[in-house]
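Read the figures in this text as sums done on the coordinates, not as results from a lab. Keep in mind the model is a prediction, meaning the values are calculated, not measured. No Cβ is skipped: glycine too gets one built from the backbone with ideal geometry, and neighbour counts run over all protein chains shown.
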């Protein structure tokens, strides 16, 4: 029996119009999209006028498996993704053991098939153990299904090793995804270097630690012809460097997180540096940096939104700010946050925001998703743009509670998510 979604409004991603449409799913495929579809022989779901969107893609998440089940698992992380409207996520390899072998790439796929609530595309590590000393077998990682290569969590400090990785990746048409951080500049910093860090007496991470590494890797990408994707951009100079690279026609893309679009170091100041739920890497920076990231998203310099969903245990986040781990959760709240703060405030049209969650990441990473046309895979989410709800810890599917946004009231919640024709989340 097929599935028929009735009484919904389909967002036209080109014009921004909301069009009355019904959608029929047979198996894993969208079989028909029309104003009226005969309901005979179908399981019918009434969407109550809510908005049908392509399933979101998040190209930067930490599912923590294998090795860190207390923080998250593929099962809980993908359940959180489905609640947030995501149907595809790309998971980072900084697990234990590090995902640096074909066997571990296959482990992620096999575990997802048994326990997952969305499609999971694993990255393989650039260097063995993410130690920055020896390249992995990049060709073997790709053959096993790696989406790209990254040592996310740490930057590859050796320029010659990164150059060789890019040469190999370019020949394989595989993206090189970078955590941009010069460790010699970042040292033991725990927040943005500036007036606030000095006032609080906390060691700072300068924006230069990010931008200097991005500058190096842009030049290496130009030298090798590699596709360079910059993770979680946060610094004004970094945005300008990516803009420059694109103006030269280089294959350089980037992402930004909701928290770097909406927050600054001031929230750390307001809590006197005592709440490690405000600690993330790259750190929350200045208002100038936030505005530069927002402008980059608006003008297309920044291609997509990604959450950098990084769950930790409550015990870890209760440590002193300087020693607690970096990271925020984000999968369940990313779209409501940006819909509320950008679309409803008139900063960004709805269809352009949705493009940053769907079409753009799909195109950048060459994934056949992001469309709701007949014949395409049935990956979609249905969003209620009207109901306002609080971001509540008790409702989260993720194991993590580490976010500065708890208690905030937002609109734009997913009420139904379908991945490959299967209902993975439904808010009854």
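Results, tabulated for the structure shown:
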{"read-out": "Distance histogram in 5 Å bins (all Cα pairs of the stretch 324-428, percent per bin)", "value": "2, 11, 18, 21, 21, 16, 8, 2, 0, 0"}
{"read-out": "The stretch 277-373: equivalent-ellipsoid semi-axes (sqrt of 5 x gyration tensor eigenvalues, Cα, Å)", "value": "28, 17, 13"}
{"read-out": "Extension gain (nm, one decimal) between residue 366 and residue 269, 0.36 nm per residue minus Cα-Cα", "value": "30.8 nm"}
{"read-out": "Using distinct alpha-carbon pairs, which all enter the 1/r mean, Kirkwood radius of the stretch 26-171 in Å", "value": "17.1 Å"}
{"read-out": "Per-peptide average of other Cβ atoms within 10 Å, ordering 224-230, 92-98, 80-86, 403-409 highest first", "value": "80-86, 224-230, 92-98, 403-409"}
{"read-out": "FRET efficiency estimate (nearest 0.05) - Cβ-Cβ, residue 188 to residue 134, R0 30 angstrom", "value": "0.70"}
{"read-out": "Label-to-label distance, nm, for residues given as residue 392 and residue 219 (7 Å Cα→Cβ offset)", "value": "5.4 nm"}
{"read-out": "Average Cα contact separation per residue, the chain, under 8 Å, 6 or more apart, as relative contact order %", "value": "19 percent"}
{"read-out": "Among 389-397, 347-355, the order from most to least packed when residues are scored by Cβ within 10 Å on average", "value": "347-355, 389-397"}
{"read-out": "Alpha carbon convex hull of the stretch 107-232, volume per residue in cubic angstrom", "value": "123 Å³"}
{"read-out": "Protection proxy ranking of 380-386, 43-49, 265-271 - average other beta-carbon atoms within 10 Å, highest first", "value": "380-386, 265-271, 43-49"}
{"read-out": "Contour excess over end-to-end distance, with Cα ends at residue 291 and residue 19 and 0.36 nm allotted per residue", "value": "94.6 nm"}
{"read-out": "Part-to-part distance (alpha-carbon centres) for the stretch 46-104 and the stretch 263-325, which is given in Å", "value": "20 Å"}
{"read-out": "Relative exposure of 286, 234, 160, judged by other C-beta atoms within 10 Å (fewest first)", "value": "160, 286, 234"}
{"read-out": "Largest-first ellipsoid semi-axes for the stretch 322-367, taking √(5λ) over the Cα gyration tensor eigenvalues, angstrom", "value": "24, 18, 8"}
{"read-out": "Inverse mean reciprocal Cα-Cα distance (Kirkwood Rh) of the stretch 235-288, Å", "value": "12.8 Å"}
{"read-out": "Degrees, to the nearest 10: 74-83 long Cα axis against longest axis of the chain", "value": "60 degrees"}
{"read-out": "Cα-Cα pairs of the chain separated by more than 29 Å (percent)", "value": "43 percent"}
